[in-house]
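The values are calculated or read from the model by the stated rules, or taken from the named source; none is laboratory data. From a predicted model like this one, the values you see are computed outputs, not experimental measurements. Methodologically, a virtual Cβ is constructed for each residue, glycine included, from the backbone with ideal geometry; neighbour enumeration extends over all protein chains shown. We work out accessible area using only protein heavy atoms, side chains counted, and drop any ligands, DNA or RNA first. Shrake-Rupley method; radii C 1.70, N 1.55, O 1.52, S 1.80 Å.
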Amino acid sequence: SYPADVYSGSVYLDGSDALTIPDSTAFTMGTNNFTIECWVYLSSVAQQVFIGTCDAPGNQGSMSFVLGLTNTSFPFAAVGYAGTMYYSTFGTTAKINQWYHIAGVRNGAMVNVYVNGVKGPDLNMGALAITDSSQVVGIGRNGAGNFEYVTGWISDVRIVNGTAVYTANTTPPTTPLTAIANTKLLCNFTNAGIYDASMNTNLRTVNDVKLSTTQYKYGLSSMYFDGTTDFVTVTGNQQ
């Protein structure tokens, strides 16, 4: 609906929904350098996880990596080793209704979190190999855990296993992220199936509203509703 190479897209999360990616060896970090990053536009600054893994609330045994926000510091990058989580925090209060580029990076022994290109304090992991989680990777919540949901928009989610993309203070990305070397996951959230072609409002599909080619008036498809819980809402002008 617009030039994806110029604007990219986003996914809206209402504080109770999320996306998950099945467990894969692609997300086994070990002692590798890595980069976990995204853009976020928050409607709430409650504790929440942008990207991460967790098997169950309060059980950190299979956690591997987490990028998120706490109630007192913004943001944090956390990594797991032998059932314990280690945190690198930025320590700046988050604000709602503005875009932030957030990245968690391991470069050799050091893990750092970056906010809008500014490098946070060092977390020295030494030669420790980060735990290999057996759980899903969550976007908008803490992996398989039913908690720490995001309220707001997330864009340009990228996981790079094998490269520290950022190693010092830098200018945050000015164009949509691309699949550079060692990219294992890239979600630009472009090419929506159901959208406002006038580009004045955002549409949110609820439950499993989908396009159908079985019946249509114009074009090659129409929206299909199952008569129970499906609907579409207009979220307003989000410039």
Give the number of residues within the range 84-97 that are open to solvent by less than 60 Å² (accessible area, probe 1.4 Å) and in contact (Cβ under 8 Å) with a residue 40 or more places away in the chain.
1
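Kindly indicate whether Ala164 is open to solvent by 30 Å² or more (accessible area, probe 1.4 Å) and under 15 Å from Asn32 (Cβ atoms).
Values: open to solvent by 30 Å² or more (accessible area, probe 1.4 Å): no; under 15 Å from Asn32 (Cβ atoms): yes.
Considered against the rule, which asks whether it is open to solvent by 30 Å² or more (accessible area, probe 1.4 Å) and under 15 Å from Asn32 (Cβ atoms), Ala164 comes out as no.
Collect the residues in the range 194-214 that are part of a loop (DSSP other than H, G, I, E, B) and open to solvent by less than 50 Å² (accessible area, probe 1.4 Å), keeping them in residue-number order. Steps first, please.
So in the range 194-214, the residues part of a loop (DSSP other than H, G, I, E, B) come out as 194-202, 207-209, 213-214.
Those that are part of a loop (DSSP other than H, G, I, E, B) and open to solvent by less than 50 Å² (accessible area, probe 1.4 Å): Ile194, Asp196, Thr201, Val209.
Of the residues in the range 145-175, how many are of a type outside the set (S, T, N, Q), under 25 Å from Arg204 (Cα atoms) and under 14 Å from the mean Cα position of the chain (by Cα)? Break it down into steps so the answer makes sense when it comes.
Initially, the range 145-175 is screened for residues of a type outside the set (S, T, N, Q), giving 145, 147-150, 152-154, 156-160, 162, 164-166, 168, 172-173.
Keeping just the survivors that are under 25 Å from Arg204 (Cα atoms) gives 145, 147-150, 152-154, 156-158.
Pick out the ones that are also under 14 Å from the mean Cα position of the chain (by Cα) and you get 148-150, 152-154, 156-158.
Qualifying residue count for the region: 9.
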